[in-house]
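Laboratory data are not the source of any read-out in this text; all were calculated from the coordinates shown. Here the structure is a predicted model, which means the values were calculated and not measured. Backbone-built Cβ (ideal geometry, glycine too); neighbour counts: all protein chains shown.
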Amino acid sequence: MARWLPGFLSILLPACLMFVLGLTPGISFQEDLGRHLLLGRLIVESGFVPGTNLLSYTHPDFAFVNHHWLSEVGFYQLHLLVGYQGLILFKALVMSGAIVVAMLAVSARRISGISWFAVILACILIGSRPHIRPELVSFLCVPLLLCSFEGIRRGVSWPWGAVGVLMWVWTNAHISFMFGFGMVGAFLLERFIVRCLRESRIVWQALPTTLFGVAMLAVLCSLGPNGIHGFLYPFRILGEYGVDIVENFSPLHFWRDRVSPELIALPCLFLLSVFAIIMNLHHAVRVEEGQTRRARLMGLRWADMVTLLAAMVLSLWMMRHVPFLGLCCLPVIHATFSGERETKGCGLPRGWPVAMVVNICLILLVVEGSYSRRFAAPVAPTPFGLESEPQYEALHQLAADGLSGPIFNDFNVGSLVSYNMYPQPVFADNRPEAYPESFWREEVTPALRLGPEWDTLFERHEFNCIILSLTGVSPETILQLVTHPEWIPVHVDSLCVVFVLNHPRNAAFLAMHALDEARRAVVLREVSQDLLSLPSEPFWRRQTKATRIMMKLYGLFCIGEGERVALLAYQLHLCFPDYQQVHELLLATIPYTNTRDLTPILLRAARYPVSSKQSHDLAWLLRTEGRIGEADRALKHGRLFFPFQSSRSDSQH
């Protein structure tokens, strides 16, 4: 039992950790899921994949290569069968399956403590993107390809067919299939190198076969609705981006000013991967009794190491690629630290009990909510729990009551608006590549300042309603619209704010929905009741409900209810004193908050800051109270934790 227990627990407990990290509502509906479900429905109903941006009235004929059509059809069919809750469970199972397959890609006699810690770090990296997106296919295809490679190394031939099927599915399900294409190319090159080493010469006649395999794979990847243009599209997609997206920033951009679980796990796993590659190369060149250097080199998993190196580069390039490092490092680390090492005594490798305790503690922290509450946006983890779907259909009900376009919306809320308002076209959905770059730079971004560019855009399109996301637009923009007599707020929730043009044609709709004093009081009362019932909620719903309450309070603040929001936000803080985003909300309501209550909160938060902004916020508050010396000491204390913080952080207050 002592021999099989560590191996069993080393698979079960990380899988459980990955499941609870994946069992989150995420930001799926707020960003991409609505659009994916809508396009999946349109593809199923029409029988073809649209080649233009048919969801928008601003650029309906703009050519768009949909690399996610297969995922969208799958999501749509699953949504019909199991609903949004089922999609969340499906997503968590896929992520758990991906981590298990990655662990089993290389068989080992027993698990080592180092390998187990690597799996925990990998779960944290993959769990940083727990959203219902087509990239779930990539999460599963990467370890499945690695398993196929291992089967071929052992002399099994059928995995070649599995590689072809996986690559076709991946090509039509997610744009990161080019990473898989590189994996297969690296493996074909490995097979060529192994044959050359076996025959002690360069087997030139095998090179055409290798190149032919690459060409046939490219042809297979081009067999789909997008053809060869779809195969080449990943090389130019980023050139058409006119929007700065958080997930496209490098981790280096965030390390200067904040920390989060994935920003802590990434350098640890990166260095562990470098060490594993060096150890592999060292073992390969070291000759032991009864072995030859050639045999050692032939047994080296060259493709796995090349894939890992590529994942390491990608993880430093963009935040969206860090899960690839978590998946690609496990076979190499597992083979290095667990595969060949014998143990003494009772057979329990050193370190695995400690890793097991860490694993269990992380599971408890994720479920309890501390794991997500202690970190600040925009890289804070998503809270554990399920979510109700009706809250994402409020716009659909407004449309049924008469809300009509032309619609103006910001980038972040485009997918949700498309999902709810179709067939009414939107101003802009959240696909940067589906519009000219100039559209974002010269129209959308300037218009949100509500200056002359807004007036020009309004004259051109004659907007009838404005839908703005809480996370994509500054509160000053929303407050400015609230004070503008032409626009009447009609809806606010945890996702967005809706305004309707004050025009006689909208009189009936405004009579039903205008957020006058009485209706605002009703919304505030509902939030207050939710807040009172929060402690009695089951643990699997408590944190997601708290997040929804916090965002709804922020929405009410944006439409001018700061005084009443301040009291409710403080009550939410009393429920969760470690909730960093509630601290931000309290700071936003500073004109209505007693600073004597807020200063101790920020003092505790800035003692061990998770972002440089916490130190700057505290220093600013202390200066407003005339405590200049303490403010300077707060800034100096913050620089100990973030010595390379950006100049923007130094000057933000």
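Numerical summary
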read-out	value
Karplus 3J(HN,Hα) series, Hz, for the stretch 639-644 with 6.51 cos²θ - 1.76 cosθ + 1.60 (x for Gly, Pro)	5, 5, 8, 10, x, 10
Nonlocal amide H pairs with residue 52, under 5 Å, H built at 1.01 Å	64
Approximate spin-label separation residue 396-residue 204, in nm, with each point projected 7 Å along Cα-to-Cβ	6.5 nm
Separation in nanometres of the label points that stand 7 Å from Cα toward Cβ, at residue 528 and residue 178	5.5 nm
Karplus 3J(HN,Hα) series, Hz, for the stretch 123-136 with 6.51 cos²θ - 1.76 cosθ + 1.60 (x for Gly, Pro)	4, 5, 5, 5, x, 6, 10, x, 10, 7, 9, x, 5, 4
Amide H contacts under 5 Å for residue 258, placed H, 5+ residues apart	612
Total formal charge among the other residues, if their Cβ is under 15 angstrom from that of residue 388, Lys/Arg +1 and Asp/Glu -1	-2
Expected 222 nm ellipticity per residue - DSSP helices of 4 or more, -39500 (n - 2.57), all of the chain, to 500	-19500 deg cm²/dmol
Extension reserve of the residue 437-residue 484 stretch, reckoned as 0.36 nm per residue once the Cα distance is removed	13.9 nm
Neighbour-count order for 156, 358, fewest beta carbons within 10 angstrom listed first	156, 358
Relative contact order [Cα under 8 Å, 6+ residues apart], the stretch 383-440, whole percent	30 percent
Residue 491 long-range amide H proximity, modeled H, under 5 Å	498
Gap separating the Cα centres of the stretch 133-180 and the stretch 202-275, nearest whole Å	14 Å
Qualifying chymotrypsin sites (Phe, Trp or Tyr not before Pro) in the stretch 14-121, DSSP loop, other Cβ atoms within 10 Å at most 14	48
Spin-label model distance (nm) - residue 232 vs residue 476, 7 Å beyond Cα toward Cβ	4.5 nm
Ranking of 384, 576, 644 by count of other Cβ atoms within 10 Å, fewest first	644, 576, 384
³J(HN,Hα), Karplus 6.51/-1.76/1.60, whole Hz, each residue of the stretch 462-473, x for Gly, Pro	6, 4, 9, 8, 10, 10, 10, 7, 6, 8, x, 10
Stretchable slack from residue 46 to residue 368, in nm (0.36 nm times residue separation minus alpha-carbon distance)	111.4 nm
Length-normalised contact order of the stretch 539-651 in % [C-alpha pairs under 8 Å, at least 6 apart]	17 percent
Ranking of 488, 11 by count of other Cβ atoms within 10 Å, fewest first	11, 488
